[in-house]
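*Asks:* Below you'll find the structure I mean.
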Amino acid sequence: MRTALLQSSGRPGSVVENLKVLDEAAGRAAAAGAGLVAAPEMFLTGYAIGDDIARLAEPADGDSADAIAEIATRHGVAVVYGYPEHEGETVFNSAQLISADGTRLANYRKTHLFGCFERDHFTPGEQPVVQADLNGLRVGLMICYDVEFPENVRAHALAGTDLLVVPTAQMHPFQFVAESVVPVRAFENQMYVAYVNRVGPEGEFEFVGLSTLAGPDGIARTRAGRGEELVLADADPDFLAASREANPYLKDRRPGLYGSLV
């Protein structure tokens, strides 16, 4: 499945403008043959927007989800996007997958919050593995800091995730995560990992871009630079199956030795 990564910080604070940016990117992705376009962490509203996070938060089936379902249907491409989700008085840092026919397939709440900023504005989610089947692949969702915990990604591997989509707000000086950690996670867990980042200055943060789609051989199929761009690469189920057959990591595990990890 051709996968498009929208590396952009959009227009922080403006849901309307960010929907326009996503709409335009979805059109370009579909024209390039993509079956999925992924946008970064908190793309719908902006990341460093302080108390506007709670003000702009929506339920998973809110007006913006309907608007994105319409975008997905019109362009014939599935969409993953990050947004602040509220359920009652609780706000989560969430990512949602909507299919090309407008169906909400999966909604994930970030389980590992990074730093005081996130802990001040969000409640952590409690479900580590969220998946849906899409175009012949099992797609899993995770957000930014979550991918830096090997246990998290291994749980997806054991649950059969083929393509792990990770909306991200990766900031300076942690660019080594995009450059090194993500390809290693893809290799050691025998999956594709799509890591799609924000870019440029926003509030107190400097987002580093470098969005990538890494394959199960640990090689980046595409890598963005430090500016706004749309990059595309394929997640090939046949290559994935052959790689899993040749790579012994998951088969050679000895779970009985790992009890001390928890």
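The values are calculated or read from the model by the stated rules, or taken from the named source; none is laboratory data. Since we're looking at a predicted model, the values are computed, not measured. Methodologically, a virtual Cβ is constructed for each residue, glycine included, from the backbone with ideal geometry; neighbour enumeration extends over all protein chains shown. To get the accessible areas, we keep the full protein, side chains included, count just its heavy atoms, and leave off ligands, DNA and RNA. Shrake-Rupley method; radii C 1.70, N 1.55, O 1.52, S 1.80 Å.
*Asks:* Given (1) of a type outside the set (Val, Ile, Thr); (2) at positive phi; (3) out of contact with any strand residue (DSSP E or B) (no Cβ under 6 Å at 6 or more places or on another chain), where does Cys144 come up short, assuming only one miss?
*Replies:* (3)
*Asks:* Tell me the residue from Gly218, Gly160, Gly140, Gly225 that is assigned to a loop (DSSP other than H, G, I, E, B) and under 17 Å from Ala4 (Cα atoms), please.
*Replies:* Going through Gly218, Gly160, Gly140, Gly225 in turn, just one is assigned to a loop (DSSP other than H, G, I, E, B) and under 17 Å from Ala4 (Cα atoms): Gly225.
*Asks:* Step by step: first the residues of the range 145-157, then only those that are open to solvent by 10 Å² or more (accessible area, probe 1.4 Å) and assigned to a helix (DSSP H, G or I), then the one that is nearest to Ser94 (Cα to Cα). Which residue is that?
*Replies:* Step by step, filter the range 145-157, then rank; the result is Tyr145.
*Asks:* Kindly provide the set of residues from the range 166-186 that are β-branched (Val, Ile, Thr) and either in contact with a Gly (Cβ under 7 Å, 6 or more places away or on another chain) or surrounded by fewer than 24 Cβ atoms within 10 Å (Cβ to Cβ) (or both), ordered by number.
*Replies:* Selection gives Val177, Val181, Val184.
*Asks:* Which one of Glu126, Glu89, Glu118 is modelled with pLDDT under 95 and of a type in the set (Asp, Glu)?
*Replies:* From the options Glu126, Glu89, Glu118, the qualifying one is Glu89.
*Asks:* Restricting to the range 1-31, name every residue that is under 28 Å from Asn135 (Cα atoms), in contact (Cβ under 8 Å) with a residue 60 or more places away in the chain and open to solvent by 40 Å² or more (accessible area, probe 1.4 Å).
*Replies:* Arg2, Arg28
*Asks:* Within the set of pairs 6+ apart or on separate chains, which have a first residue in the range 196-220 that is in contact (Cβ under 8 Å) with a residue 60 or more places away in the chain and aromatic (Phe, Trp, Tyr), a second that is assigned to a strand (DSSP E or B) and open to solvent by 10 Å² or more (accessible area, probe 1.4 Å), and C-beta atoms under 8 Å apart?
*Replies:* Phe205/Met171; Phe207/Met171; Phe207/Val199; Phe207/Gly200; Phe207/Pro201
*Asks:* Now, a different point. Of all residues in the range 44-77, count the ones that are within 22 Å of Thr168 (Cβ to Cβ), outside any helix (DSSP H, G or I) and either out of contact with any helix residue (DSSP H, G or I) (no Cβ under 7 Å at 6 or more places or on another chain) or charged (D, E, K, R) (or both).
*Replies:* 8
*Asks:* Within the range 217-262, work out how many residues are acidic (Asp, Glu) and either in contact with a Ser or Thr (Cβ under 8 Å, 6 or more places away or on another chain) or open to solvent by less than 80 Å² (accessible area, probe 1.4 Å) (or both).
*Replies:* The total comes to 5.
*Asks:* A follow-up question, please. Would you check which residues across the range 92-128 are among the aliphatic types (A, V, I, L, M), touching a Phe, Trp or Tyr at 6+ places or on another chain (Cβ under 9 Å) and either surrounded by fewer than 19 Cβ atoms within 10 Å (Cβ to Cβ) or assigned to a loop (DSSP other than H, G, I, E, B) (or both) and list them?
*Replies:* Leu113
*Asks:* Then there is this: Open to solvent by 20 Å² or more (accessible area, probe 1.4 Å), of a type in the set (Asp, Glu), at pLDDT 95 or above and under 22 Å from Asn135 (Cβ atoms): does that describe Glu58?
*Replies:* no
*Asks:* Here are some residues: Asn189, Asn135. Which one is within 26 Å of Ala224 (Cβ to Cβ), surrounded by fewer than 18 Cβ atoms within 10 Å (Cβ to Cβ) and in contact (Cβ under 8 Å) with a residue 60 or more places away in the chain?
*Replies:* Asn135
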